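The values are calculated or read from the model by the stated rules, or taken from the named source; none is laboratory data. Please read these numbers as outputs of a predicted model, since none were measured by experiment. Note that each Cβ is placed from the backbone with ideal geometry, even for glycine, and that neighbours are counted across all protein chains shown.
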Amino acid sequence: MRDALSWLRAQWDRVTGTALIAVGAVVLVVTFQSVANSRFVADQIATITSGGLGALFLVAVGMMLRLEGDLHDEWRKLDRIEAALRDEALLDIETLDAPAHDDRGRALPAATVHLMASLAIIAAGYQKAANSADVDRAVTGLAVGVAGLGLAALVGAATLLVGRGRLAGRKQCLLGGWLRPAEPVAVGVGAAAAPLPTAATVAWVGAEMTRFHRGGCPTLAHGSFRSIPRAELPVGLRPCQICGAR
Amino acid sequence: MTNPGDRRTITAGLLLVSAGVLALLLGGLGIARAALLSAQIPYVVSGGIGGLVLIGVGLHLLSGTALGRERDRLAAVAAAIALQRLRRSPRA
(Lines give C-alpha, C1' and ligand atoms only; values in the text may rest on other atoms or scores of the structure.)
Protein backbone atom coordinates (compact mmCIF):
# COMPACT_ATOMS: atom_id res chain seq x y z
CA MET A 1 0.00 0.00 0.00
CA ARG A 2 2.81 2.39 0.94
CA ASP A 3 4.61 1.35 -2.23
CA ALA A 4 1.54 2.17 -4.28
CA LEU A 5 1.21 5.56 -2.57
CA SER A 6 4.84 6.47 -3.09
CA TRP A 7 4.59 5.30 -6.71
CA LEU A 8 1.51 7.49 -7.16
CA ARG A 9 3.32 10.44 -5.59
CA ALA A 10 6.31 9.93 -7.84
CA GLN A 11 4.28 9.37 -10.99
CA TRP A 12 1.48 11.85 -10.33
CA ASP A 13 2.13 13.65 -13.60
CA ARG A 14 1.88 10.52 -15.73
CA VAL A 15 -1.14 9.20 -13.79
CA THR A 16 -2.95 12.55 -14.02
CA GLY A 17 -2.00 12.91 -17.68
CA THR A 18 -3.29 9.45 -18.58
CA ALA A 19 -6.49 10.06 -16.59
CA LEU A 20 -7.06 13.40 -18.37
CA ILE A 21 -6.61 11.75 -21.78
CA ALA A 22 -9.12 9.02 -20.82
CA VAL A 23 -11.61 11.60 -19.50
CA GLY A 24 -11.15 13.62 -22.70
CA ALA A 25 -11.99 10.53 -24.79
CA VAL A 26 -15.16 9.91 -22.73
CA VAL A 27 -16.19 13.57 -23.01
CA LEU A 28 -15.73 13.33 -26.78
CA VAL A 29 -18.00 10.28 -27.03
CA VAL A 30 -20.66 11.98 -24.86
CA THR A 31 -20.39 15.12 -27.02
CA PHE A 32 -20.86 13.09 -30.18
CA GLN A 33 -23.98 11.44 -28.73
CA SER A 34 -25.39 14.79 -27.70
CA VAL A 35 -24.66 16.44 -31.06
CA ALA A 36 -26.06 13.48 -33.01
CA ASN A 37 -29.31 13.59 -30.99
CA SER A 38 -29.84 17.32 -31.49
CA ARG A 39 -31.63 18.79 -34.51
CA PHE A 40 -30.77 22.44 -33.86
CA VAL A 41 -27.51 23.72 -35.34
CA ALA A 42 -27.03 26.41 -32.68
CA ASP A 43 -27.38 23.77 -29.94
CA GLN A 44 -24.94 21.50 -31.72
CA ILE A 45 -22.35 24.26 -32.01
CA ALA A 46 -22.72 25.12 -28.33
CA THR A 47 -22.16 21.45 -27.45
CA ILE A 48 -19.06 21.32 -29.66
CA THR A 49 -17.73 24.46 -27.96
CA SER A 50 -18.05 22.92 -24.52
CA GLY A 51 -17.62 19.18 -25.08
CA GLY A 52 -15.50 19.03 -28.23
CA LEU A 53 -13.08 21.80 -27.35
CA GLY A 54 -13.13 20.69 -23.70
CA ALA A 55 -12.14 17.17 -24.76
CA LEU A 56 -9.30 18.52 -26.90
CA PHE A 57 -8.17 20.68 -23.97
CA LEU A 58 -8.14 17.69 -21.61
CA VAL A 59 -6.22 15.50 -24.06
CA ALA A 60 -3.68 18.28 -24.75
CA VAL A 61 -3.06 18.94 -21.05
CA GLY A 62 -2.83 15.19 -20.41
CA MET A 63 -0.18 14.78 -23.09
CA MET A 64 1.72 17.80 -21.77
CA LEU A 65 1.78 16.34 -18.26
CA ARG A 66 3.01 12.96 -19.50
CA LEU A 67 5.81 14.56 -21.52
CA GLU A 68 6.68 16.76 -18.53
CA GLY A 69 7.03 13.55 -16.50
CA ASP A 70 9.47 12.18 -19.08
CA LEU A 71 11.56 15.35 -18.92
CA HIS A 72 11.52 15.27 -15.12
CA ASP A 73 12.87 11.72 -15.20
CA GLU A 74 15.75 12.85 -17.37
CA TRP A 75 16.56 15.67 -14.92
CA ARG A 76 16.63 13.13 -12.11
CA LYS A 77 19.06 10.91 -14.01
CA LEU A 78 21.27 13.90 -14.78
CA ASP A 79 21.25 14.68 -11.04
CA ARG A 80 22.59 11.20 -10.36
CA ILE A 81 25.28 11.60 -13.02
CA GLU A 82 26.32 15.00 -11.67
CA ALA A 83 26.46 13.66 -8.12
CA ALA A 84 28.66 10.79 -9.31
CA LEU A 85 30.95 13.08 -11.28
CA ARG A 86 31.36 15.41 -8.30
CA ASP A 87 32.07 12.44 -6.03
CA GLU A 88 29.05 13.32 -3.90
CA ALA A 89 26.87 10.70 -2.23
CA LEU A 90 24.88 8.91 -4.92
CA LEU A 91 21.13 9.34 -4.88
CA ASP A 92 19.32 6.10 -4.27
CA ILE A 93 18.62 4.56 -7.68
CA GLU A 94 15.38 3.07 -6.40
CA THR A 95 14.06 6.38 -5.13
CA LEU A 96 11.48 7.28 -7.72
CA ASP A 97 10.33 10.43 -5.99
CA ALA A 98 13.77 11.91 -5.43
CA PRO A 99 13.48 15.63 -6.13
CA ALA A 100 15.18 16.78 -9.32
CA HIS A 101 17.02 20.07 -9.63
CA ASP A 102 14.92 21.32 -12.51
CA ASP A 103 12.81 24.47 -12.53
CA ARG A 104 9.55 22.56 -12.56
CA GLY A 105 8.46 24.19 -9.31
CA ARG A 106 8.17 27.49 -11.19
CA ALA A 107 7.34 26.28 -14.70
CA LEU A 108 4.30 24.15 -13.85
CA PRO A 109 2.46 26.76 -11.72
CA ALA A 110 3.03 29.36 -14.45
CA ALA A 111 1.71 26.95 -17.10
CA THR A 112 -1.27 26.15 -14.85
CA VAL A 113 -2.21 29.84 -14.57
CA HIS A 114 -2.07 30.24 -18.36
CA LEU A 115 -4.01 27.02 -18.94
CA MET A 116 -6.70 28.22 -16.52
CA ALA A 117 -6.90 31.48 -18.48
CA SER A 118 -7.37 29.57 -21.74
CA LEU A 119 -10.01 27.38 -20.07
CA ALA A 120 -11.82 30.56 -19.01
CA ILE A 121 -11.76 31.76 -22.64
CA ILE A 122 -13.26 28.44 -23.79
CA ALA A 123 -15.95 28.78 -21.10
CA ALA A 124 -16.67 32.34 -22.27
CA GLY A 125 -17.07 30.99 -25.81
CA TYR A 126 -19.53 28.40 -24.55
CA GLN A 127 -21.46 31.07 -22.63
CA LYS A 128 -21.80 33.05 -25.85
CA ALA A 129 -22.86 30.01 -27.89
CA ALA A 130 -25.20 28.47 -25.32
CA ASN A 131 -28.90 29.30 -24.85
CA SER A 132 -29.16 30.98 -28.19
CA ALA A 133 -31.09 29.95 -31.27
CA ASP A 134 -28.95 32.31 -33.36
CA VAL A 135 -26.42 30.32 -35.42
CA ASP A 136 -24.19 33.37 -36.03
CA ARG A 137 -23.92 34.02 -32.30
CA ALA A 138 -23.14 30.32 -31.71
CA VAL A 139 -20.41 30.38 -34.38
CA THR A 140 -18.87 33.47 -32.75
CA GLY A 141 -18.86 31.60 -29.43
CA LEU A 142 -17.16 28.63 -31.13
CA ALA A 143 -14.51 30.96 -32.56
CA VAL A 144 -13.82 32.35 -29.06
CA GLY A 145 -13.53 28.78 -27.76
CA VAL A 146 -11.10 27.82 -30.54
CA ALA A 147 -8.98 30.86 -29.64
CA GLY A 148 -8.87 29.65 -26.03
CA LEU A 149 -7.83 26.18 -27.16
CA GLY A 150 -5.14 27.70 -29.37
CA LEU A 151 -3.78 29.59 -26.36
CA ALA A 152 -3.72 26.34 -24.36
CA ALA A 153 -1.81 24.59 -27.16
CA LEU A 154 0.72 27.44 -27.29
CA VAL A 155 1.23 27.36 -23.50
CA GLY A 156 1.72 23.58 -23.52
CA ALA A 157 4.14 23.67 -26.44
CA ALA A 158 6.12 26.58 -24.95
CA THR A 159 6.38 24.86 -21.55
CA LEU A 160 7.69 21.67 -23.14
CA LEU A 161 10.06 23.47 -25.51
CA VAL A 162 11.58 25.56 -22.71
CA GLY A 163 11.90 22.42 -20.54
CA ARG A 164 13.61 20.50 -23.34
CA GLY A 165 15.92 23.43 -24.05
CA ARG A 166 17.05 23.66 -20.43
CA LEU A 167 17.53 19.90 -20.30
CA ALA A 168 19.62 19.92 -23.48
CA GLY A 169 21.76 22.73 -22.03
CA ARG A 170 22.39 20.85 -18.82
CA LYS A 171 23.17 17.64 -20.74
CA GLN A 172 25.68 19.54 -22.83
CA CYS A 173 27.33 21.03 -19.72
CA LEU A 174 27.54 17.66 -18.00
CA LEU A 175 28.28 15.28 -20.82
CA GLY A 176 29.53 17.58 -23.61
CA GLY A 177 33.08 16.29 -23.34
CA TRP A 178 31.99 12.72 -23.86
CA LEU A 179 29.51 13.37 -26.59
CA ARG A 180 31.99 14.79 -29.11
CA PRO A 181 32.06 12.85 -32.39
CA ALA A 182 34.70 10.13 -32.44
CA GLU A 183 37.99 10.74 -34.24
CA PRO A 184 38.82 8.47 -37.19
CA VAL A 185 41.14 5.67 -36.07
CA ALA A 186 43.96 4.18 -38.14
CA VAL A 187 44.34 0.40 -37.94
CA GLY A 188 46.83 -2.10 -39.35
CA VAL A 189 50.24 -1.67 -40.99
CA GLY A 190 48.90 -0.69 -44.39
CA ALA A 191 46.57 1.93 -42.99
CA ALA A 192 48.41 4.79 -44.66
CA ALA A 193 47.55 3.49 -48.12
CA ALA A 194 43.96 2.59 -47.26
CA PRO A 195 41.25 5.20 -46.63
CA LEU A 196 40.98 6.08 -42.93
CA PRO A 197 38.24 4.08 -41.24
CA THR A 198 35.58 6.15 -39.53
CA ALA A 199 33.54 5.60 -36.39
CA ALA A 200 30.90 3.98 -38.55
CA THR A 201 33.28 1.36 -39.98
CA VAL A 202 35.29 0.57 -36.82
CA ALA A 203 34.23 -0.91 -33.51
CA TRP A 204 36.18 -1.21 -30.26
CA VAL A 205 36.20 -4.52 -28.40
CA GLY A 206 37.93 -5.81 -25.28
CA ALA A 207 38.94 -9.32 -24.25
CA GLU A 208 36.11 -11.10 -22.42
CA MET A 209 33.82 -8.11 -22.91
CA THR A 210 30.25 -8.66 -24.06
CA ARG A 211 29.71 -5.28 -25.70
CA PHE A 212 31.36 -3.34 -28.52
CA HIS A 213 31.92 0.43 -28.44
CA ARG A 214 32.42 3.49 -30.61
CA GLY A 215 35.64 5.49 -30.53
CA GLY A 216 35.42 8.10 -27.78
CA CYS A 217 33.26 5.96 -25.49
CA PRO A 218 34.21 6.65 -21.83
CA THR A 219 34.36 2.91 -21.21
CA LEU A 220 37.47 2.67 -23.39
CA ALA A 221 39.47 4.49 -20.68
CA HIS A 222 38.95 1.59 -18.29
CA GLY A 223 40.51 -1.49 -19.78
CA SER A 224 42.35 -2.84 -22.77
CA PHE A 225 40.48 -2.41 -26.02
CA ARG A 226 41.40 -2.80 -29.69
CA SER A 227 39.66 -1.47 -32.78
CA ILE A 228 38.51 -3.87 -35.47
CA PRO A 229 36.52 -3.38 -38.68
CA ARG A 230 32.80 -3.51 -38.05
CA ALA A 231 32.45 -6.34 -40.54
CA GLU A 232 34.68 -8.55 -38.37
CA LEU A 233 32.73 -8.09 -35.13
CA PRO A 234 32.43 -11.45 -33.32
CA VAL A 235 28.93 -12.87 -33.30
CA GLY A 236 27.04 -12.34 -30.03
CA LEU A 237 28.58 -8.99 -29.02
CA ARG A 238 25.98 -6.39 -28.07
CA PRO A 239 26.25 -2.62 -28.66
CA CYS A 240 27.30 -0.43 -25.72
CA GLN A 241 24.41 1.65 -24.39
CA ILE A 242 26.66 4.44 -23.14
CA CYS A 243 28.15 5.47 -26.48
CA GLY A 244 25.16 4.29 -28.50
CA ALA A 245 27.27 2.04 -30.74
CA ARG A 246 25.24 0.49 -33.53
CA MET B 1 17.85 -1.14 -32.09
CA THR B 2 14.50 -1.17 -30.25
CA ASN B 3 13.34 -3.45 -27.47
CA PRO B 4 9.98 -5.30 -27.68
CA GLY B 5 8.25 -2.76 -25.39
CA ASP B 6 9.37 0.11 -27.62
CA ARG B 7 8.26 -1.79 -30.71
CA ARG B 8 4.80 -2.32 -29.21
CA THR B 9 4.51 1.38 -28.34
CA ILE B 10 5.67 2.42 -31.81
CA THR B 11 3.15 0.04 -33.39
CA ALA B 12 0.37 1.41 -31.18
CA GLY B 13 1.39 4.98 -32.05
CA LEU B 14 1.43 4.27 -35.77
CA LEU B 15 -1.95 2.50 -35.54
CA LEU B 16 -3.48 5.45 -33.68
CA VAL B 17 -2.11 7.96 -36.20
CA SER B 18 -3.45 5.82 -39.08
CA ALA B 19 -6.83 5.52 -37.34
CA GLY B 20 -6.88 9.30 -36.87
CA VAL B 21 -6.17 9.95 -40.54
CA LEU B 22 -8.87 7.41 -41.48
CA ALA B 23 -11.34 9.11 -39.10
CA LEU B 24 -10.59 12.49 -40.71
CA LEU B 25 -11.14 11.05 -44.19
CA LEU B 26 -14.36 9.29 -43.20
CA GLY B 27 -15.55 12.44 -41.42
CA GLY B 28 -14.91 14.48 -44.56
CA LEU B 29 -16.77 11.90 -46.64
CA GLY B 30 -19.72 11.96 -44.23
CA ILE B 31 -19.88 15.75 -44.29
CA ALA B 32 -19.83 15.76 -48.08
CA ARG B 33 -22.69 13.26 -48.24
CA ALA B 34 -24.95 14.88 -45.61
CA ALA B 35 -27.33 17.43 -47.07
CA LEU B 36 -28.35 19.25 -43.88
CA LEU B 37 -25.99 21.31 -41.73
CA SER B 38 -27.38 19.67 -38.58
CA ALA B 39 -26.51 16.26 -40.04
CA GLN B 40 -22.99 17.38 -40.96
CA ILE B 41 -21.97 18.62 -37.51
CA PRO B 42 -21.85 15.16 -35.82
CA TYR B 43 -19.21 14.19 -38.41
CA VAL B 44 -17.16 17.23 -37.33
CA VAL B 45 -17.14 15.84 -33.77
CA SER B 46 -16.54 12.16 -34.53
CA GLY B 47 -14.35 12.47 -37.61
CA GLY B 48 -12.74 15.87 -37.11
CA ILE B 49 -12.13 16.24 -33.38
CA GLY B 50 -11.94 12.47 -32.81
CA GLY B 51 -9.40 12.15 -35.63
CA LEU B 52 -7.30 14.96 -34.20
CA VAL B 53 -7.32 13.33 -30.75
CA LEU B 54 -6.24 9.98 -32.22
CA ILE B 55 -3.43 11.58 -34.22
CA GLY B 56 -2.29 13.60 -31.19
CA VAL B 57 -2.19 10.60 -28.86
CA GLY B 58 -0.43 8.51 -31.54
CA LEU B 59 2.26 11.17 -32.07
CA HIS B 60 2.59 11.47 -28.29
CA LEU B 61 3.32 7.74 -28.00
CA LEU B 62 5.88 7.92 -30.81
CA SER B 63 7.71 10.90 -29.28
CA GLY B 64 7.55 9.24 -25.84
CA THR B 65 9.44 6.24 -27.21
CA ALA B 66 12.28 8.45 -28.39
CA LEU B 67 12.45 10.14 -24.98
CA GLY B 68 12.42 6.71 -23.32
CA ARG B 69 15.47 5.62 -25.32
CA GLU B 70 17.26 8.79 -24.27
CA ARG B 71 16.41 8.07 -20.63
CA ASP B 72 17.75 4.51 -20.94
CA ARG B 73 21.04 5.84 -22.24
CA LEU B 74 21.30 8.34 -19.40
CA ALA B 75 20.57 5.54 -16.92
CA ALA B 76 23.35 3.48 -18.49
CA VAL B 77 25.77 6.41 -18.16
CA ALA B 78 24.79 6.91 -14.51
CA ALA B 79 25.27 3.21 -13.82
CA ALA B 80 28.67 3.17 -15.53
CA ILE B 81 29.89 6.16 -13.52
CA ALA B 82 28.61 4.63 -10.29
CA LEU B 83 30.38 1.35 -11.13
CA GLN B 84 33.58 3.22 -11.87
CA ARG B 85 33.36 4.93 -8.46
CA LEU B 86 32.77 1.64 -6.71
CA ARG B 87 35.82 0.12 -8.41
CA ARG B 88 37.94 3.12 -7.46
CA SER B 89 36.86 3.08 -3.81
CA PRO B 90 35.03 -0.19 -2.99
CA ARG B 91 34.21 0.96 0.55
CA ALA B 92 32.38 4.11 -0.59
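Candidates in the stretch B:39-66 are the residues that are more than 18 Å from A:LEU28 (Cα to Cα) and among the polar types (S, T, N, Q); of these, the one that is farthest from the other protein chains (Cβ to nearest Cβ) is B:THR65.
Being within 29 Å of A:GLY163 (Cβ to Cβ), among the polar types (S, T, N, Q) and touching a Leu at 6+ places or on another chain (Cβ under 7 Å), is that true of even one residue in the stretch B:8-27? Scanning the stretch B:8-27, I find at least one residue that is within 29 Å of A:GLY163 (Cβ to Cβ), among the polar types (S, T, N, Q) and touching a Leu at 6+ places or on another chain (Cβ under 7 Å), so the answer is yes. Hey, among A:HIS222, A:HIS213, which residue is touching a Gly at 6+ places or on another chain (Cβ under 9 Å) and either surrounded by 13 or more Cβ atoms within 10 Å (Cβ to Cβ) or at pLDDT below 80 (or both)? Criteria check complete, one pass: A:HIS213. Looking only at the stretch B:67-81, decide whether some residue is free of Cβ contacts under 8 Å to residues at least 60 places away in the same chain and more than 9 Å from chain A (Cβ to nearest Cβ). No, because not a single residue in the stretch B:67-81 is free of Cβ contacts under 8 Å to residues at least 60 places away in the same chain and more than 9 Å from chain A (Cβ to nearest Cβ). A single entry from A:PRO229, A:PRO181 fulfils the requirement of being modelled with pLDDT of 80 or more and outside the structural domain of A:PRO109 (by TED's automatic domain parsing): A:PRO229. Taking the stated definitions as given, is B:VAL21 away from chain A (no Cβ under 13 Å), crowded, with 17+ Cβ neighbours inside 10 Å, at pLDDT 90 or above and part of a helix (DSSP H, G or I)? No, not satisfied.
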